[in-house]
Each structure stands twice: as C-alpha cells, then as structure tokens.
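Asker: Structure below; questions to follow.
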Amino acid sequence: MPSVVVVGAGVFGAALAHRLAGSGWDVTLVEQYTPGHVRAASGGENRLIRCSHGPDDWYTRSAKRALELWRELEEEAGAELFVPSGVAWFVAESQEWAAASERALIAEGIDVERLSPDEAGRLFPSFDPSGLTSVLYEPGAGVVRARDATRTLAEQAVARGARFVHEHADPSRPPEADHVVWACGPWLAQLFPDLVELTVTRQEVFFFG
C-alpha cells in the first residue's frame, strides 16, 4: 500500500487526502490549525461555482466536474454543501465573453438562458436592467459553503481511513512516507523561501444579515 503525507488541510490538501484514502492509499493529513479555519484561503462562508468561463471551455468542463464531485461528497457525508442559487451575468456593450460562455455551456449540455433586459427585470425585480443589452443566466450555478465543504472533505478523508494529525510540519524534518505533498497555499513561501516566491495580499470580506 503506497503511503502519503499531505501537509495542509485546505480544499486542495483535504480533497487529495479524501481521494487517495478512497483509492487504497495509506494517508496522513497534517494541519496546524483546523480545516476551514479563519486564516485559511479555503475558509469563509462561500465560494461561487459556475460553468461560464468565456472561451476557456476547459474551465467549463472542469467546473461541471467539480460540481458533480461536490454533489457526490454531499451524498457521502449527508450534508448540504452546495446552494443552487443561479448566476446572472450582465452583458453591456461587449458580448464576446457571454457569447463564448453560452456556446460552451450548450456544448456541455449545461442549462443556460439568454434573457432580454425586460425578461431579466421580470425575473430579478430588485434591480434595474436599463443599460444592458442582455443577461446570461446560468440557473444551475450557485455557491459552495466553503468552510463547511473543506471541513467535510477532511472528515470524510478520515472516515475513509486517513489519519488526521494536528501539528505544524517542518520541511527541515520532513515526514516519512513514500510521497509528501505540501498543500500549504500562501504558507509555501515561508516554508520554502528559496524555492517559492509569493506575494500574499489580504482581502476583507463582509457578510450582512
């Protein structure tokens, strides 16, 4: 049985641990705080998930697959992680991005509607659509509950047989395993200053009830 130590239980590290634990690997997941903690780039209340990405149809396929995997995790864990709220893209003068998104969505069999300003105004009565040429509406899009989803990934990795270790990993004394994955996000520059250059900025996010 191959062994792996995944350092960092953000969304990438937790997802990797979850997948490998379900594929017969001996997995240890190491995190200095807790999955979904307030310092994490994977923390916070939610993240938008949508398949509209203009001409970058690879992202369209990737987002579609990601949503399928989140739905599978919901079923596995018995938790609500995805909120299908829909996403509306406002189109003004330039329509190239919206037109490319629409073509990609149709090609992938993803529900999409192109609404006139009047149609959009009736669907979303809280905003004034004047000045728009159209609205691209992706009804199957929505938000993933980021903090809960990250925590659930780690919990389900453990349920699949992974070990969770709450400690700070030190690259000068690397863990022993067949493979070690450092999924540490913005902390990578501090852990490997000679190898990684990152400029980390702070973004303030506010939620209003």
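The values are calculated or read from the model by the stated rules, or taken from the named source; none is laboratory data. Quick caveat: nothing in here was measured; it's all calculated off a predicted structure. Cβ: placed from backbone, ideal geometry, glycine included. Neighbour counts: every protein chain shown.
Asker: Could you identify the single residue in 191, 81, 105, 195 that is out of contact with any Leu (no Cβ under 7 Å at 6 or more places or on another chain), at pLDDT 95 or above and not β-branched (Val, Ile, Thr)?
Answerer: Answer to the selection: 105.
Residue by residue, here is whether (1) surrounded by fewer than 17 Cβ atoms within 10 Å (Cβ to Cβ); (2) under 20 Å from residue 156 (Cβ atoms); (3) within 13 Å of the chain's Cα centre (by Cα) holds:
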| position | (1), (2), (3) |
| --- | --- |
| 38 | yes, no, no |
| 42 | no, yes, yes |
| 51 | no, no, yes |
| 61 | yes, no, no |
| 66 | yes, yes, yes |
| 96 | yes, no, no |
| 104 | no, no, no |
| 107 | yes, no, no |
| 115 | no, no, no |
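Asker: Residues that are polar (S, T, N, Q), surrounded by 18 or more Cβ atoms within 10 Å (Cβ to Cβ) and out of contact with any strand residue (DSSP E or B) (no Cβ under 6 Å at 6 or more places or on another chain): does the range 151-161 have at least one?
Answerer: First, the residues of the range 151-161 that are polar (S, T, N, Q): 152, 156.
Filter once more, so that each one left must be surrounded by 18 or more Cβ atoms within 10 Å (Cβ to Cβ): 152, 156.
Then drop every residue that is not out of contact with any strand residue (DSSP E or B) (no Cβ under 6 Å at 6 or more places or on another chain), which leaves 152, 156.
Taking every residue of the range 151-161 in turn, at least one turns out to be polar (S, T, N, Q), surrounded by 18 or more Cβ atoms within 10 Å (Cβ to Cβ) and out of contact with any strand residue (DSSP E or B) (no Cβ under 6 Å at 6 or more places or on another chain).
Asker: Run residue 24 past the list (1) farther than 20 Å from residue 190 by Cβ; (2) in a helix (DSSP H, G or I) and report the number of the one that doesn't hold.
Answerer: So the condition that residue 24 fails would be (2).
Asker: Report every pair of residues separated by at least 6 positions or lying on different chains whose Cβ atoms are under 8 Å apart, first residue within the range 112-134 and under 17 Å from residue 93 (Cβ atoms) and at pLDDT 90 or above, second surrounded by fewer than 10 Cβ atoms within 10 Å (Cβ to Cβ) and among the hydroxyl-bearing types (Ser, Thr, Tyr).
Answerer: 117/130
Asker: With 129, 139, 125 as the choices, which residue is surrounded by 13 or more Cβ atoms within 10 Å (Cβ to Cβ) and more than 22 Å from the chain's Cα centre (by Cα)?
Answerer: Result of the check over 129, 139, 125: 129.
Asker: Could you say whether any residue in the range 68-90 is assigned to a strand (DSSP E or B) and surrounded by 22 or more Cβ atoms within 10 Å (Cβ to Cβ)?
Answerer: No, the range 68-90 contains no residue that is assigned to a strand (DSSP E or B) and surrounded by 22 or more Cβ atoms within 10 Å (Cβ to Cβ).
Asker: When you go through 66, 17 one by one, which is the residue that is within 15 Å of residue 162 (Cβ to Cβ) and small (Gly, Ala, Ser)?
Answerer: 17
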